[in-house]
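Input: a single structure, listed below in structure tokens.
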Amino acid sequence: MFFILLEKIIKIVNVKKRMKVQNFFLYLIFLFAFTGTLISIDIGFTIKPPQVFAILLFFIFILDIIRKKIIIIPLYNNLNPDYSENIINISIKSYLPFLFFILTILPSFMSETIFSEIYEPVSSFRMLFNYLFLQLIFFVITVYLNDKNKLFKSLKYLFISYITILFFGFYQQIGFYLGFYNPLDYVGFHSLFVDFYGPFLRISPATFANEFGEITQTILIFYTTYLFIYSKEISFSKKIALYSFLFVLISTLVLNFTRASWIVYFLYLISMFFMLKIKLSKRFFIVFFTSLSIIGLYFLNLETDIFNILRIIDRFVEFNDLSQNSASMRIITWEESYNLFCKNNFTILFGNGWGNAIDTHNVPLQLLAETGLSGFLGFYTLMFYLSKKFYHNIIISSDLFLKFTSISIFYSFLGCIIFDFTNHGIYHFGFWFIISIGFCLNKILNKIYT
């Protein structure tokens, strides 16, 4: 019934209006990428606005195929897609690594239910359903985000989504200290996940603290890359405002207390320092300013003990005692997942069932425990394919905006891969938005330069 109604609505509008409908749903996916967690609905599973808009866009996709507004390029056709204003071409070949990964995890569904004192048994089919929902969002984005202007607007809406959720997070934090907001009163509403570290709420509105750390590290990589790439284009007065907000973002990353995100952003800064063509005088200024800041913070801590108050040092000192903190739990789960992987010949090849070791907090070990060597190789084949494609984006892009986006995507993607050595990011929205944008960027660049 809904499908028929949607078809009638689209049939009565002209081409331009139909494209506006497509773009409307596309931009809503990005606008609610992060804010959607605040208004999610439990219907047996948690559904968020981006998922709803992706379903609507997928219905439009089906109608576009029926009306021949979308052409599927078969595998045997090696020609690049012939883009036009009103016709969208989709190459099946470019999606094969994604399909290959799904095929490599299917044998794990034949596994017996695992027995573990740490992990609770879960439904592999439910976890597959969650994963396929992410793939649906990825797919509709890569179909309809097909030009530079749409890419610019999509990134803008994604940033607005993050800013909105960030301000809400600071509202939670300030309200908590001033006594007019208690996040525990809203459990099950917009503060489904409340995580404290010492005297602080880990800033993570309506999502897991570590996942928000990954999101923030990604936004910081984009934002810092923008300041690097557009430094000559930005006026002095704007730079003051932009660098002030950079301080806000870095403060957010610190107060989120996700150590993996701290490490990722630090590695990104080092890499950018050596990769970009920066004048020697500017390099000297960066080194001098960084050294001065470190010395200043050192003496500030001596006088105020601020790092101990903020418990920043504690997050690293915890590694010295792995028996009484979150690091100890990770080591226990890593050992458990490795033992599950080695249980017998079948589990070595095909694992113990997709989704059964999600609490491993280490994606490589999680994949080995859940899907064996089959899924492990399938996933990292996909990651290698994407990293190669995203690096190629940097090489071929010459336009300033496209160069900025290419560099940001490449480092954000690598950041997520590194992040997932201590976390479980396969189901994270932010990870698949990065992949979606990078995939679309590659198609846009091929359209321009081939």
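The values are calculated or read from the model by the stated rules, or taken from the named source; none is laboratory data. It should be emphasised that the depicted structure is a prediction, and the values quoted were computed from it without experimental measurement. Every residue, glycine among them, receives a Cβ derived from its backbone with ideal geometry; neighbour counts consider all protein chains shown. For accessibility, only protein heavy atoms count, side chains too; no ligands or nucleic acids. Shrake-Rupley method; radii C 1.70, N 1.55, O 1.52, S 1.80 Å.
From the list K69, K48, which one is of a type in the set (D, E, K, R), modelled with pLDDT under 85 and open to solvent by less than 80 Å² (accessible area, probe 1.4 Å)?
Values: K48 fails: modelled with pLDDT under 85.
Only one candidate passes the filter, namely K69.
Would you say L382 is open to solvent by less than 10 Å² (accessible area, probe 1.4 Å), in a helix (DSSP H, G or I) and closer than 28 Å to W262 by Cβ?
In short, yes.
If we keep just the residues of the range 403-432 that are free of Cβ contacts under 8 Å to residues at least 60 places away in the same chain and of a type in the set (F, W, Y), which is most open to solvent (accessible area, probe 1.4 Å)?
In this case the residue turns out to be F410.
Are there any pairs, at least 6 apart or on different chains, whose C-beta atoms fall under 7 Å, with the first in the range 433-450 and part of a helix (DSSP H, G or I) and the second surrounded by fewer than 23 Cβ atoms within 10 Å (Cβ to Cβ) and β-branched (V, I, T), and if so, which?
S436/T142; F439/T142; C440/T142; L445/I396; Y449/I396
Taking the range 189-203, which residues are at pLDDT below 80 and either open to solvent by less than 60 Å² (accessible area, probe 1.4 Å) or farther than 17 Å from I41 by Cα (or both)? Can you show your working first?
Just the residues of the range 189-203 that are at pLDDT below 80, to begin with: 189-202.
H190, S191, V194, D195, F196, Y197, G198, P199, F200, L201, R202, listed by residue number.
For the range 324-372, name all the residues that are assigned to a loop (DSSP other than H, G, I, E, B) and open to solvent by 40 Å² or more (accessible area, probe 1.4 Å). Break it down stepwise before answering.
Applying the first criterion (assigned to a loop (DSSP other than H, G, I, E, B)) to the range 324-372 yields 324-325, 342-344, 351-357, 361-362.
Matches in the range 324-372: Q324, C342, K343, N344, H361.
Name the single residue that is farthest from I203 (Cα to Cα) among those in the range 146-166 being in contact with a Ser or Thr (Cβ under 6 Å, 6 or more places away or on another chain) and buried (at least 18 other Cβ atoms within 10 Å of the Cβ).
Residue satisfying both the conditions and the ranking: S161.
Looking at the range 315-341, I want the residues that are within 13 Å of A357 (Cβ to Cβ) and have a partner that is β-branched (V, I, T) and at pLDDT 85 or above with Cβ atoms under 8 Å, at least 6 apart or on another chain. Which pairs are those?
Listed by first residue and then by second, the contacts come to R330/T422; T333/T360; W334/T360; E336/T360; S337/T360; L340/T347; F341/T347; F341/I348.
Scan the range 106-127 and give yes if some residue there is modelled with pLDDT of 80 or more, within 21 Å of the chain's Cα centre (by Cα) and among the polar types (S, T, N, Q), otherwise no.
No, the range 106-127 contains no residue that is modelled with pLDDT of 80 or more, within 21 Å of the chain's Cα centre (by Cα) and among the polar types (S, T, N, Q).
Sort out which residues of the range 227-271 are closer than 24 Å to I418 by Cα and small (G, A, S), and write them in order of number.
Within the range 227-271, S251, A260, S261, S271 meet the criteria.
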